[in-house]
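Engineer: Below: one structure in structure tokens.
The values are calculated or read from the model by the stated rules, or taken from the named source; none is laboratory data. Since the structure is predicted, the reported quantities are computational estimates derived from the model, not experimental observations. Backbone-built Cβ (ideal geometry, glycine too); neighbour counts: all protein chains shown.
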Amino acid sequence: MPVPETITPDGLTLTARPTTVSLDDGSSLHAWTFRNSLPGPTLRARSGDRVRVVLENGLGEETIVHWHGLDVPQLADGHPRLAVESGESYAYDFSIRSRAGTYWYHPHPHGRTGPQAYMGLAGFFIVDDPENDSLGLPSGAREIPLVFQDKRLDGAGQLVYAPSGFDLMEGYLGNVPFVNGAPFPYQVVNRDLYRFRVLNGSNARIFDLALSDGSPLVLVGTDGGLLESARTLDSIFLGPAERVDVLVDFSGKEPGDRIVLRSREFQISGGMGMGMGSSSGQGQAMDLMEFVVRDSEVGQGSMPVSLASLPPAPPQAGAPVQEFRFSSHMMSHLINGRSFGMERVDHRLALGDTEIWRFINESPMPHPVHMHAGQFRVLSRNGGRGQVFPWEAGLKDTVLLLPFESVDVLVRFEEYRGLYLLHCHNLEHEDAGMMLNFEIV
Ligand SMILES: [Cu+2]
């Protein structure tokens, strides 16, 4: 399995352009990449560090980059009104106000985020801080980023992005699992404890992650960093753009053991697209990658008892409720009955105010809802699954709504005023306009 190079995002030129990438099996893949890397290089920095990145657009169409999960000034947030034409560049300069966590970056031009991300433009942005350092979690070769994506390949093994009307309704699903830019790869591991930073980087696919031998996934973090304590889970249900930080203990395995990390089959009640006669429907079981246990000494890595302290939650009492209704009819995907307006402001709130945002899914399809400018707390889910799951604890910037679910989240913006986005992270829905501007004043 490829692991992208890790680099420091200070004084960095990030060129987006079409590239031919060599895969380990000797074949080559035509992709769109940042710095010729599929996925993009992992940017890694510390809380408080300055980020200076120049995006160079070599794509032949407009683009802009969004730092997903980081709280940055509006001119550094990758709003589509800031997109630059082919041949032009955009300079980012901000300091990292966010706590340690697994963030990521990807394009955000209006109407073209789906194809650009699908063709390979996405990478991790990992933030460290003293608290994370102090916990002794697996690091170095035992800390591995995993981005899961589903792709469609043509007869020559090349990526195909050609959505049909049905795909524009449901989102673009593939039938070939890619991990870190390679189809169904394997990773050799020692008999030790590992930390995997997992990103669902798919356009539309939901994964129900589990290990084939029944080994648990030990959840230690979510979108916005570490939890207060670890949770031992059999499976994790992850929508597009969501991240989890998980530990897996291979110390009890035998040399030569092969363990598959897979997405289990699942049903979406009330939902559409349950296969619809194709082999790539939402909820279809999919083996993603394999771990191969090496003949090695049993490692000394140990599970942490307690983890990080979360920042105090804003007080809920008296917080006004703001409703955002997500509806889909055929190929039209709307929030509160409207399609995205580039300059139109659909909601305003003051810096430092606390609100409860109620995301209401009025449609028979899933919507992973993503908020820019920081992180929220998931308070409750009504309808559908009717509960908040362990992988929705802590700080979150994206929450998955299955059909007819309603989720309350607690929001407070504390860093910057400006124009930011709320949108569905099913990228075909987003490109169709399931997005709105909110302004922090
Ligand atoms: Cu959606």
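Engineer: Tally time: how many residues in segment 326-356 are more than 21 Å from Ile206 (Cα to Cα), without any contact (Cβ under 8 Å) to a residue 60 or more places away in the chain and not acidic (Asp, Glu)?
Structural biologist: 3
Engineer: Is it the case, given these coordinates, that His347 is surrounded by 13 or more Cβ atoms within 10 Å (Cβ to Cβ) and within 16 Å of the ligand (Cβ to nearest atom)?
Structural biologist: Judged against the criteria, His347 is not a match.
Engineer: If a residue must be touching an Asp or Glu at 6+ places or on another chain (Cβ under 8 Å) and either farther than 27 Å from Gly224 by Cβ or in a loop (DSSP other than H, G, I, E, B) (or both), how many such residues does segment 292-313 contain?
Structural biologist: 12
Engineer: Provide a single number: the residues in segment 9-34 that are farther than 18 Å from Leu159 by Cβ and either in contact (Cβ under 8 Å) with a residue 60 or more places away in the chain or in contact with an Asp or Glu (Cβ under 8 Å, 6 or more places away or on another chain) (or both).
Structural biologist: 5
Engineer: Counting only residues that are surrounded by fewer than 17 Cβ atoms within 10 Å (Cβ to Cβ), give me the strands (runs of 3 or more DSSP E) lying completely in segment 73-180 with at least 3 of them.
Structural biologist: Strands (runs of 3 or more DSSP E) meeting the threshold: 89-95.
Engineer: Any idea how many residues of segment 385-409 are assigned to a loop (DSSP other than H, G, I, E, B), within 16 Å of the ligand (Cβ to nearest atom) and within 24 Å of Asp353 (Cβ to Cβ)?
Structural biologist: Total satisfying the criteria: 1.
Engineer: Within segment 410-441, work out how many residues are part of a strand (DSSP E or B) and within 16 Å of the ligand (Cβ to nearest atom).
Structural biologist: The total comes to 6.
Engineer: Next up: May I ask you to list the residues in segment 329-344 that are at pLDDT 95 or above and in contact with a helix residue (DSSP H, G or I) (Cβ under 9 Å, 6 or more places away or on another chain)?
Structural biologist: Selection gives His333, Phe340, Met342, Glu343.
Engineer: Is there a residue being more than 28 Å from Leu401 (Cα to Cα) and surrounded by 20 or more Cβ atoms within 10 Å (Cβ to Cβ) anywhere in segment 193-209?
Structural biologist: yes
Engineer: Return the residue satisfying two criteria in turn: it lies in segment 314-357 and is of a type outside the set (Gly, Ala, Ser), more than 19 Å from Ile440 (Cβ to Cβ) and not in a strand (DSSP E or B), and of such residues it is nearest to the chain's Cα centre (by Cα).
Structural biologist: If we take residues in segment 314-357 being of a type outside the set (Gly, Ala, Ser), more than 19 Å from Ile440 (Cβ to Cβ) and not in a strand (DSSP E or B), then Met331 is nearest to the chain's Cα centre (by Cα).
Engineer: Condition first: in contact (Cβ under 8 Å) with a residue 60 or more places away in the chain and within 14 Å of the ligand (Cβ to nearest atom). Can you find one or more residues in segment 368-384 that meet it?
Structural biologist: Looking through segment 368-384, at least one residue is in contact (Cβ under 8 Å) with a residue 60 or more places away in the chain and within 14 Å of the ligand (Cβ to nearest atom).
Engineer: Follow-up. So if I check each of Gln387, Gln375, which one is within 27 Å of Gly221 (Cβ to Cβ) and out of contact with any Gly (no Cβ under 7 Å at 6 or more places or on another chain)?
Structural biologist: Exactly one residue qualifies, and that residue is Gln387.
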